[in-house]
Amino acid sequence: MLIHAPSLGIGAGLAAAVIFGVLFAMNASTETVFKTEDIKPSDTTKTQDIEQEDSQEISLSLFYENSSPYLGNPAAPITIVEFGDYQCFYCNKFFHETEAQVHENYVKTGKVKMIFKDFTIIGQDSITAAHAAHCANEQGKFWEYHDTLYNNWNGENNGWASAENQLKFAKDVGLDITKFTECNSSNKYKELIQTSSKDAQTLGLTGTPGFFVIGPNNKIIKIPGAQPYDVFVNVLESDDLKR
């Protein structure tokens, strides 16, 4: 069963790992990292998720495709991939309590770039909001719209993310309303959103938010839930991630 509050059962300082290849331990006792050797985005490697016993083939395309544009310098050596749902309480919590600090200290300084991928598991309005964000991207304003959605968050399945309100948010962001309305009516991003959610499931996610930090040599650390800023700092500053 998919849930949207994985951090309920996670200690505030916990950062779990995704398994990629050869196991080795980090200095921090709460983190375990697995190493990928020379993987390119189109390549695959045998992996084993920490919550699964069976191995599966994982491609880096699962992290990079069916996603938002980059936030930050595309050449930044570290990538943070967030799988989220715009109606999710804990996704909103991360946005307001952690993302701004990550953006200020790592994205704006060129150390990190961020990608947002849809994992729409709460309701129809989740899909409606996700589709609207992709339509905003057609006018170069994905991240402005993304921020507007979280700044207007008001619960789950109560109508705040409805199609009517998406039009209001589009006006607030300064979008061309005719183009935005035509895009939304076309449902052209429905398949992209569905595929992104399947990517999340393939990677072993069962709730939102979920994060994958990808280092310069494609070493990957999974951070489950809306963890505090210091957890992200510990991962981003890890020598093992950058090695």
Cβ pairs under 7 Å, 6+ apart or interchain, first in the range 89-115 and in contact (Cβ under 8 Å) with a residue 60 or more places away in the chain, second polar (S, T, N, Q), ordered by first then second residue, are Y90/S7; Y90/T208; C91/T208
With the first residue restricted to the range 49-66 and required to be more than 15 Å from G210 (Cβ to Cβ) and among the hydrophobic types (A, V, I, L, M, F, W, C), and the second required to be surrounded by 18 or more Cβ atoms within 10 Å (Cβ to Cβ) and modelled with pLDDT of 90 or more, Cβ contacts under 7 Å at 6 or more apart or on different chains are L60/N218
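Within the range 147-164, count every residue that is in a helix (DSSP H, G or I), within 20 Å of T208 (Cβ to Cβ) and not acidic (D, E).
Within the range 147-164, the subset in a helix (DSSP H, G or I) is 147-151, 163-164.
Then keep just the ones that are within 20 Å of T208 (Cβ to Cβ); that gives 147-151.
Subset that is not acidic (D, E): 148-151.
The number of residues fulfilling the criteria is 4.
Can you work out which of the residues in the range 104-146 that are of a type in the set (A, V, I, L, M, F, W, C) and either touching a Ser or Thr at 6+ places or on another chain (Cβ under 6 Å) or assigned to a loop (DSSP other than H, G, I, E, B) (or both) is nearest to P74 (Cα to Cα)?
Let us first name the residues in the range 104-146 that are of a type in the set (A, V, I, L, M, F, W, C), namely 107, 112, 114-116, 119, 121-122, 127, 129-130, 132-133, 135-136, 142-143.
Checking which are either touching a Ser or Thr at 6+ places or on another chain (Cβ under 6 Å) or assigned to a loop (DSSP other than H, G, I, E, B) (or both) leaves us with 115-116, 119, 121-122, 127, 130, 142.
Details: I115: 10, F116: 14, F119: 23, I121: 29, I122: 31, I127: 27, A130: 22, F142: 15 Å.
My answer is I115.
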For K168, work out the one condition from (1) of a type outside the set (S, T, Y); (2) touching a residue at least 40 places away in the same chain (Cβ under 8 Å); (3) out of contact with any Lys or Arg (no Cβ under 8 Å at 6 or more places or on another chain); (4) more than 22 Å from H103 (Cβ to Cβ) it doesn't fulfil.
(2)
Pick out the one residue from L149, L167 that is farther than 15 Å from Y189 by Cα and either acidic (D, E) or surrounded by 20 or more Cβ atoms within 10 Å (Cβ to Cβ) (or both).
L149
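The values are calculated or read from the model by the stated rules, or taken from the named source; none is laboratory data. Nothing here was measured: the structure is a model prediction, and the numbers come from that model. Virtual Cβ from ideal backbone geometry, glycine too; neighbours counted across all protein chains shown.
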